[in-house]
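Below is one structure, written out as structure tokens; comments come after it.
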Amino acid sequence: MSDRSLTRRGVIGAFGAMALAQPSSVSAQSNERIVVASYGGRMQDSQRAAYFEPFAKETGIAVTDATGITLAKIRAMVASKNVEWDVFLATHEELVSLAEAGLLEKIDYGQLSKATMGEIDPRLVHEYGVGSQYYASVIAYNTRKYSKDNHPKSWSDVWNATKFPGPRILPAGSYQLRPIEPALLADGVPAEKLYPLDLERAYASLSKIRPNVIKWVSSGNAAPQALVDGEADIAIANHGRIAQLRDEGAPVDYVWDGAVVTGSFWAIPKGAKNYKNSLKFIEFASRADRQVDFATRMPYGPSNMKASEALPAKLVRDNPVAAENRSKVIFMDAHSWALKTGGKSVLERNIEMWNRWIRT
Amino acid sequence: MKSFGNEGWTLQHYADVMSDTLLWGVFVSTFVLALEVTIICAVIAYPLAYAVLRMSARTQKLVLLLMLMPLWTSVLVRAYSWIVLLGRQGIVNNALLGIGIVPEPLQILYGRFAVALGLVHLLIPFVFFPLFAVMRRFDGRLLAAAGSLGANPVVAFLLVFLPLTLPGLFSGSLIVFLHGIGYFVTPAILGGLKEVTYVMLIEEQVNNLFNWEHAAVMAVILLVATLIIVLVCARSLGLIEGGKNSSPKPARAFVLLLRAVGIVQARLGARPSRMGKHSVMHFTGVASDLMGKTFAVLTLLFLLTPIFILLPLSFSASPFLRFPPSDWSLRWYETYLSRPDWTGPTFTSLQVACVSALLVTTLGLAAAVGVTRSPSRLAQFALALMLSPAMIPTLIIAVALYFQMSAIGLAGSKAGLVIAHLVIGLPIVVLILIGGLRNADQRPEMAARSLGASPTRAFMKTTFVMIRPSIIAAGLFAFLASFDDVTVALFISGTSAVTLPVKMWESVRLELDPTLAAVSSVLVLLSIALLSMSELAKRLGRKADSSQG
């Protein structure tokens, strides 16, 4: 008995020792510190290298990175007056609905460098957030199934299972990258008449492709991985992830035609503790040199137009807003998604329709 | 609660939610799915536990060790294993195509079957371990007695073994049922369009629609419905005292029925018991013994295959997941073990899980003793309260806890996380321990007390020793409940107490990081190493004891 309890104590002791060995994540160099939340994974690794570390070096303000961004967490932080984050990344629609709910601090553009802000694409300059990068939902395909010459090049191709057979993977209607714009474009709605969205028509169009869709995904990793595994031949996916996989030798590629482009924004939660330093960080991350650095690590489009022009030639093809791609893409209209009729936004009506549609 | 509105009190949100027929449809199908999964798990776990019980001590230990292995692998990673196994280009389909049984790949994934399979795989251990703990305590002499009184093996099993082990089965099944309602990652990844669960819709209300009032109403409805089911089950199955009646009616009716069957059988068959002294414990014969072993092997194969798929993936040289890997390397192990942003969270998780498991098992033991021994209705009410965290979606608990923790400054600390994990761990611990205590003989403890032992001492020396297998099982699941939790940790952990599941979750947001396969493999190895060490220590201890004695 005594032997056994000794062992038990030994085990607990061992864990205690491990606890002591754990490195402290807070740098002690400066008293000033901001917490920046992002999406984790390679995205965050790249941001750490291109933004967080150089910022700390230049200003002496340490950056602690955090993850786990959800609207629920932001609302809970603000409502409980325990705002842990100073800056976080939001999608365009998230930015709009957070601002509407009064959960964000306004960006005081007076405190930001006019020159740097003047370089940011006006589409991504918002009262409550500053664009960090462009990304897109694109038509992606498995290159073992479809060759460079023969692959789907438009949304109507994706919807045409006789011309391009094979299982599809599309995003769920309740996911951030919604299949609504593609469904309308596939149904023949011209790009310039896409907004305001005709949801009824979109779901009728989705019904046509439904038998050929093996999975409607609600996470960012699933569609690209399904193409790699050969589970699906055609997918709607995040262009950056497909570009990464293609460069690493995976049998996947994508086209810019019909891509739905949108932006990510740096935003400051209401009641954040270091407003001034947060603005300094946002300005730093908006600089052309930083954004070029980031783009070399992660194939996303800079929000800074000067950075966009300065990208090395090999990065141009993965930049949604490069001159050669810009004419082929559609810019998502986040404000149209937030538009309210009868007390409900398009976003809310879409989720209701989606939940009904899946049970038909 | 938020369900009555933000400003003032209103029933409007209740009216909205109640009148939504779509929601009710999903509500019903969620319960049906959970019920299906529970029945499948119970039907597999009972004969499995029985088969394992009859194995030699050494084989038993090995089997238990193997049963534990899947528990160390995160839900996300396991879901990917199923895709590798069952996908169109998966191992199963390739084999079937190779043999020529099917002309084209079967669509196994993304439907109800895949979801049920994934959930059963996750949840079998949750009923197996509590059940096995109860069975292990079973006194073989009772069967011998039944045999000597003329009961044939089947009757002895039905009249003696089954009734005494049912509480273990029921408490385990309740855990499975509650999890079956609450898990939403597996249905989301492996299910098709129709496999939407109620909890997924609640999550949608909270995260996408900002409609916390609706979410709260939905959570309350879920809580009330689950609570009614659980209390009715717990009472009728005899897990808790049902008011004045110490032996609940349905359970008593069941036993009576069995007795009647036994008597009829004895009359009709009039076959003298063939059971000799040796076959008492093995009262079902050699053929079924073999069947039991085969069954155990098959179940283990089912439990372990998805875990073993991860092993080759973890040694892949490819920067993305691809099965089978074309080149081999240790790069993912290197990433995992050399980066502080991976090792730090691992230690944090181990610490938090150890401390919270220790605390919650102690708390849960006291609570379970109270609930099983008190005849008052208050005890039932207390039980309902303790179990309720398992019936509310974890996301709602996370939000609620965050407000509490923020108010007292514990959000973002390890202490806060430990407390939060007490809340999630308590239902499982209480359920397992109630199952263990239900049929534990209280007389030794009373005897000890009548001989002058203090209540604590009497308990520790008698009942505690008797139900030790259940306590160990409870502690284990409390540890895993903490070690596996993403949802609550995402809210509570903040920047200073990032746990491993949070780190894993964030690393798969945009890409499936092969590091995850390495993490899983390391954890499985670590669990084997820890258990072997404790086994070794035990053996050394025994040697020392015997040499001294």
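Points to keep in mind about this one:
- Using a probe of 1.4 Å, the accessible surface attributed to residue A:254 totals some 20 Å² when neighbouring protein chains are kept in position.
- Relative contact order of chain A, pairs being alpha-carbon contacts under 8 Å that are 6 or more residues apart, as %: 24
- FRET E, pair residue B:28, residue A:323, Förster distance 51 Å, beta-carbon r, rounded to 0.05: 0.40
- Interface B:A - total buried accessible surface [probe 1.4 Å, Å², rounded to 100]: 6000
- For the protein assembly as shown: accessible area per residue (Å², 1.4 Å): 41
- Where labels lie 7 Å past Cα in the beta-carbon direction, separation of residue A:150 and residue B:106 in nm: 3.2
- Beta bridge orientation in the protein assembly as shown: antiparallel %, DSSP, nearest 5: 65
- Computed per residue of the protein assembly as shown from DSSP H runs no shorter than four, each worth -39500 (n - 2.57), the mean residue ellipticity at 222 nm is -19000 deg cm²/dmol.
- Taking packing as the residue-averaged number of other Cβ atoms within 10 angstrom, the listed peptides B:32-41, A:188-197 run from highest to lowest as B:32-41, A:188-197.
- In this Cβ point-charge picture (+1 for Lys and Arg, -1 for Asp and Glu), the protein assembly as shown has a dipole of about 3900 debye about its Cα centre.
- Rounded to the nearest 20 debye, the dipole size of segment A:84-131 about its Cα centre is 220 debye, using +1 on the Cβ of Lys and Arg and -1 on the Cβ of Asp and Glu.
- Rounded to the nearest 20 debye, the dipole magnitude of chain A is 740 debye, with +1 charges on Lys and Arg beta carbons, -1 on Asp and Glu beta carbons, and the Cα centre as origin.
- Positive-end residue of A:332, A:169, A:116, charge dipole of the protein assembly as shown with Cβ unit charges: A:169
- Chain lengthening between residue B:464 and residue B:446 when straightened (0.36 nm per residue, less Cα-Cα): 5.2 nm
- Taking label positions 7 Å along the Cα-Cβ direction at both residue B:317 and residue B:334, the computed distance is 1.2 nm, reported to one decimal.
- Residue B:539-residue A:248 FRET efficiency (beta carbon distance; Förster radius 45 Å; 0.05 resolution): 0.40
- Protein-protein interface of segment A:313-360, residues with accessible area decrease of at least 50 Å², isolated chain reference, 1.4 Å probe: A:351, A:355, A:356, A:358, A:359
- Put a dot 7 Å past the Cα of residue A:313, heading toward its Cβ, do the same for residue A:193, and the two dots end up 4.2 nm apart.
- Three-way shape call for chain B based on the alpha-carbon gyration tensor, with the a/c threshold at 1.5: rounded
- Prolate/oblate/rounded call for segment A:226-345, Cα gyration tensor, a/c under 1.5 rounded: oblate
- Between B:96, B:231, B:463, the Cα set farthest toward the positive side of the dipole of segment B:20-548 (charges on each charged residue's Cβ, about the Cα centre) is that of B:463.
- Cα gyration tensor shape of the protein assembly as shown, rounded if a/c is under 1.5, else prolate or oblate by comparing a/b with b/c: prolate
- Efficiency of FRET from Cβ geometry, residue B:305 and residue B:530, R₀ 41 Å, rounded to 0.05: 0.95
- Across the cross-link table entries A:273/A:306; A:153/A:193; A:73/B:503; A:215/B:503, which are compared at the Cα atoms, the separations over 23 Å belong to A:273/A:306; A:215/B:503.
- Buried on assembly, segment A:195-231 (at least 40 Å² less accessible surface than by itself, 1.4 Å probe): A:214, A:215, A:221, A:225, A:229, A:231
- Farthest toward positive dipole pole in chain A [+1 Lys/Arg, -1 Asp/Glu at C-beta], among A:224, A:147, A:255: A:224
The values are calculated or read from the model by the stated rules, or taken from the named source; none is laboratory data. Being a predicted model, the structure only gives us computed values, none of them experimental. Virtual Cβ from ideal backbone geometry, glycine too; neighbours counted across all protein chains shown. Each accessible area value is taken on the protein alone, full model and side chains, heavy atoms only, with ligands, DNA and RNA left out. Shrake-Rupley method; radii C 1.70, N 1.55, O 1.52, S 1.80 Å.
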